[in-house]
Amino acid sequence: MASFALAALAIASPAAAFETIHRDGFDFPANHASPLGTNLDGVVDYSTSYNFIDAMKQSRGWITQDTTGSGVFDTGDEACLDLDARGYLRSLAPVAANPGCDTPSYNAVATLFSFGDFGGHYPGGRYVVTYDGSATISYFFAAHRNVALSTPGRDVLDVDSATGGWMMRFDAIDSGNPPRNIHVWMPGYDEHRGPGQLFHPDFLSLIRRNKVLRFMDWMQTNNSTQQDFAHRPHLDDVRWTEGGGVPLEMMVELSNRTDADPWFNMPHRATDDYITQFAQSVKRLLQRNRRVYVEYSNEVWNGQFGQGAYVESMGTAEYGNIGSGFDRRLNWHGERTAQMCDLWKAAWGADAARVTCVLGAQAANAYTQEQSADCPLWSTGAPCSAHGITAIAIAPYFGGYMDGPSTAATIETWSPDTLFAEIANGGQLAGGPAGGALAEARGWIAAQHAAAVARNLHLVTYEGGQHLVGILGIENNTTIEALFTGANRDARMGAAYATHLDDWRAGGGELFMNFTSSSGYGKFGSWGAVEYLDEPSTPKQNALLDFITANPCWWAGCAD
């Protein structure tokens, strides 16, 4: 059976995959003049976005189980598993030498396919599981083996997606011939049609109008442990939900197939060699009519993520105790972004102009741009903006000030009408920004644009949209959760997006990157332009598409 890695690299991108537009006597991809891009939801089993034809790549990490007696769904013995280099099970016997694995309590190992759904929003029907090797495999919940159609190494499943997700469990493994090259082909595909398709048509259809695809979550950028290029994700890994995320080859292939420019986030611990080899690989694989955006990590100013503390410690090690810790963080962020950009430009040589280096900054605080771009503490290389950096990237979300305990008592009494009045005009919340949520974002855009222009830099977003979500315990307030999730399904949210995008253009902004293409709504946020791939028409998604149609990109070089 051919491996997924070889099949993926051997295929050619399908022709005419997307609609085209006719302009100036030529046919262009429908996203050719789009002013918008999108972030992609993280590749996890509970995401509502089923990205790949091979669902195994989006399965949950191995779960150790005890099937005796009343059973234990998760014994927590994952560290004891006997795995090969690509993450496949070699046997069910524990690796006794691992700490705490002398007396494990599991006798089976499982994985889940949930797609974040319990209401039939992922494809149901006939799935085909193919694998090399020998094992006893059971299926549970929404999946049932079709015995009449199944053969050794090829299980045919009937999946009722309306009843929820499903589970695959390995009850016995032939350690001399363990299961490997496991693929779970979604309905309509199998080992013959699946490898050439790679990406699910529903996913491709959702993102087709976006000019740029940001892979921050696909690369598991936040709190990344990636450092050496040899340990990057690989095409033949058992899954891409752990271990650093999706291989760069698949991200480039998606960009090629959608005629989109990729936006990569270099891990904060990445060595110079990692960055150089990554850049060289992208140059080799990316279509020559495409640009690439590259950013160092993500939101290093944000104390929520481990990269912030790491960058600050590196700044302190280099600069000593000059200035505040936050200043040292911002300066070293600028320095490492500059070094990253130099490495990418060198790797691309004569094509270096196709590389757009972006420097991330906190939207609400232009000082983060100024310190990072100027980086006065870097005595041998300042200013950082002189190292090929093209743009400042911010995330001018609107409505984030309505998130915490200080506002909860008021907001939980609100109707949707009151919430949208606050977003549009303000005045509903004591101490809220003058003019409301959209006006607050307009102020941030103006300040960041002025700072960027002063440094001869462009202004783009790395994320953007609404930011209605509870924090610090308010995420558990079901009244506020219902208000916020309902607002994201309301037609007035589409109108708010339209105003926000108009404000962005009027304020001097260029490329706008929505966050995010799709994700379920709940107490941890309602980030998706859509909730489910089978519900592509929503107020937010329609507002984004309408803006693309009405606003062909307006900045120099956009549609080259």
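Cβ-Cβ below 8 Å, separation at least six or inter-chain, first residue in the stretch 73-98 and under 16 Å from Thr111 (Cβ atoms), second of a type in the set (Ser, Thr, Tyr) and open to solvent by 50 Å² or more (accessible area, probe 1.4 Å): which pairs?
If the second residue must be of a type in the set (Ser, Thr, Tyr) and open to solvent by 50 Å² or more (accessible area, probe 1.4 Å), the pairs left are Thr75/Ser105; Asp77/Ser105; Arg90/Ser175.
When the stretch 520-535 is examined, which residues are found to be not β-branched (Val, Ile, Thr) and not in a loop (DSSP other than H, G, I, E, B)?
Gly522, Gly525
Could you say whether any residue in the stretch 165-187 is over 29 Å from Ala142 (Cβ atoms), outside any loop (DSSP other than H, G, I, E, B) and modelled with pLDDT of 95 or more?
Checked against the condition, which is being over 29 Å from Ala142 (Cβ atoms), outside any loop (DSSP other than H, G, I, E, B) and modelled with pLDDT of 95 or more, the stretch 165-187 yields no hits at all.
Would you pick out the residues in the stretch 113-142 that are in contact with a Gly (Cβ under 8 Å, 6 or more places away or on another chain), closer than 15 Å to Gly165 by Cβ, surrounded by fewer than 18 Cβ atoms within 10 Å (Cβ to Cβ) and at pLDDT 95 or above?
Gly125, Phe141
Scan the stretch 415-426 and report the pairs whose first residue is free of Cβ contacts under 8 Å to residues at least 60 places away in the same chain and whose second residue is outside any helix (DSSP H, G or I) and surrounded by 17 or more Cβ atoms within 10 Å (Cβ to Cβ), with Cβ atoms within less than 6 Å and a gap of 6+ or a chain change.
Sorted first by the residue in the stretch 415-426, then by its partner, the pairs are Thr418/Gln428; Ala421/Gln428; Glu422/Gln428; Glu422/Leu429; Glu422/Gly436; Asn425/Gly436; Gly426/Gly432; Gly426/Gly436.
Please give the number of the condition Lys211 fails out of (1) farther than 17 Å from Ala55 by Cα; (2) open to solvent by 40 Å² or more (accessible area, probe 1.4 Å); (3) in contact (Cβ under 8 Å) with a residue 60 or more places away in the chain; (4) among the basic types (Lys, Arg).
For Lys211, the failing item is (2).
Any residue at all in the stretch 94-107 that is part of a strand (DSSP E or B), out of contact with any Lys or Arg (no Cβ under 8 Å at 6 or more places or on another chain) and either under 30 Å from Val530 (Cβ atoms) or not hydroxyl-bearing (Ser, Thr, Tyr) (or both)?
no
Quick check on the stretch 402-414. Is at least one of its residues over 23 Å from Glu440 (Cβ atoms) and open to solvent by less than 20 Å² (accessible area, probe 1.4 Å)?
Within the stretch 402-414, none of the residues are over 23 Å from Glu440 (Cβ atoms) and open to solvent by less than 20 Å² (accessible area, probe 1.4 Å).
Out of (1) open to solvent by 20 Å² or more (accessible area, probe 1.4 Å); (2) assigned to a loop (DSSP other than H, G, I, E, B); (3) at pLDDT below 95; (4) more than 25 Å from Tyr127 (Cα to Cα), the odd one out for Asp27 is which?
(2)
Inspect all residues belonging to the stretch 151-169 and state whether any of them is exposed (fewer than 15 other Cβ atoms within 10 Å of the Cβ) and of a type in the set (Ser, Thr, Tyr).
Yes, the stretch 151-169 contains at least one residue that is exposed (fewer than 15 other Cβ atoms within 10 Å of the Cβ) and of a type in the set (Ser, Thr, Tyr).
Residues to consider are Asn298, Asn265, Asn289; find the one that is modelled with pLDDT under 95 and either crowded, with 21+ Cβ neighbours inside 10 Å or not in a helix (DSSP H, G or I) (or both). Outline the logic, then answer.
On the way: Asn298 fails: modelled with pLDDT under 95; Asn265 fails: modelled with pLDDT under 95.
Selected residue: Asn289, the only one of Asn298, Asn265, Asn289 that is modelled with pLDDT under 95 and either crowded, with 21+ Cβ neighbours inside 10 Å or not in a helix (DSSP H, G or I) (or both).
Take the conditions in contact with a helix residue (DSSP H, G or I) (Cβ under 7 Å, 6 or more places away or on another chain) and of a type in the set (Gly, Ala, Ser) and apply them to Ala148. Does it pass?
No; evaluated as a whole, the condition is false for this residue.
Which one is modelled with the highest pLDDT, of the residues in the stretch 535-560 that are among the acidic types (Asp, Glu) and either more than 29 Å from Asn476 (Cβ to Cβ) or open to solvent by less than 70 Å² (accessible area, probe 1.4 Å) (or both)? Show your work before the answer.
Looking only at the stretch 535-560, we keep the residues that are among the acidic types (Asp, Glu), and these are 535, 546, 560.
Add one more test, that the residue is either more than 29 Å from Asn476 (Cβ to Cβ) or open to solvent by less than 70 Å² (accessible area, probe 1.4 Å) (or both), and what stays is 546, 560.
Working: Asp546: 97, Asp560: 73.
It comes out as Asp546.
Return yes when Gly486 is out of contact with any Asp or Glu (no Cβ under 8 Å at 6 or more places or on another chain), open to solvent by less than 10 Å² (accessible area, probe 1.4 Å), more than 16 Å from Ser406 (Cα to Cα) and of a type outside the set (A, V, I, L, M, F, W, C) and no when it is not.
It is false that Gly486 is out of contact with any Asp or Glu (no Cβ under 8 Å at 6 or more places or on another chain), open to solvent by less than 10 Å² (accessible area, probe 1.4 Å), more than 16 Å from Ser406 (Cα to Cα) and of a type outside the set (A, V, I, L, M, F, W, C).
Go through the stretch 62-112 and report how many residues are closer than 18 Å to Asp132 by Cα and either modelled with pLDDT under 95 or open to solvent by 60 Å² or more (accessible area, probe 1.4 Å) (or both).
4
For Ser205, all conditions in the list (1) among the hydroxyl-bearing types (Ser, Thr, Tyr); (2) open to solvent by less than 10 Å² (accessible area, probe 1.4 Å); (3) in a helix (DSSP H, G or I) hold save one; what is the number of the exception?
(2)
Go through the residues of the stretch 460-480 one by one and say whether even a single one is at pLDDT below 95, more than 30 Å from Thr390 (Cβ to Cβ) and open to solvent by 40 Å² or more (accessible area, probe 1.4 Å).
Within the stretch 460-480 (the criterion being at pLDDT below 95, more than 30 Å from Thr390 (Cβ to Cβ) and open to solvent by 40 Å² or more (accessible area, probe 1.4 Å)), the answer is no, since none of the residues qualifies.
Give the residue that is nearest to Tyr497 (Cα to Cα), with candidates limited to residues of the stretch 430-446 that are in contact with a helix residue (DSSP H, G or I) (Cβ under 6 Å, 6 or more places away or on another chain) and in contact (Cβ under 8 Å) with a residue 24 or more places away in the chain.
Only one residue fits best here, namely Leu438.
For the list (1) within 22 Å of Tyr46 (Cα to Cα); (2) open to solvent by 60 Å² or more (accessible area, probe 1.4 Å), I need the number of the one condition that Arg505 fails.
Result: Arg505 fails condition (1) only.
Return only the number of the condition from (1) at negative phi; (2) surrounded by 17 or more Cβ atoms within 10 Å (Cβ to Cβ) that Arg284 does not satisfy.
Looking at each condition in turn, Arg284 falls short on (2).
Looking at the stretch 355-377 only, could you name the residues that are touching a residue at least 60 places away in the same chain (Cβ under 8 Å) and under 22 Å from Gly320 (Cα atoms)?
Thr368, Gln369, Glu370, Ala373, Asp374, Leu377
The values are calculated or read from the model by the stated rules, or taken from the named source; none is laboratory data. Just so it is clear, the structure is predicted and the values come from calculations on it, not from any experiment. For neighbour counting, all protein chains shown are included, and Cβ atoms are generated from backbone atoms with ideal geometry for every residue, glycine included. These accessible areas exclude ligands, DNA and RNA; they are computed on the full protein's heavy atoms, side chains included. Shrake-Rupley method; radii C 1.70, N 1.55, O 1.52, S 1.80 Å.
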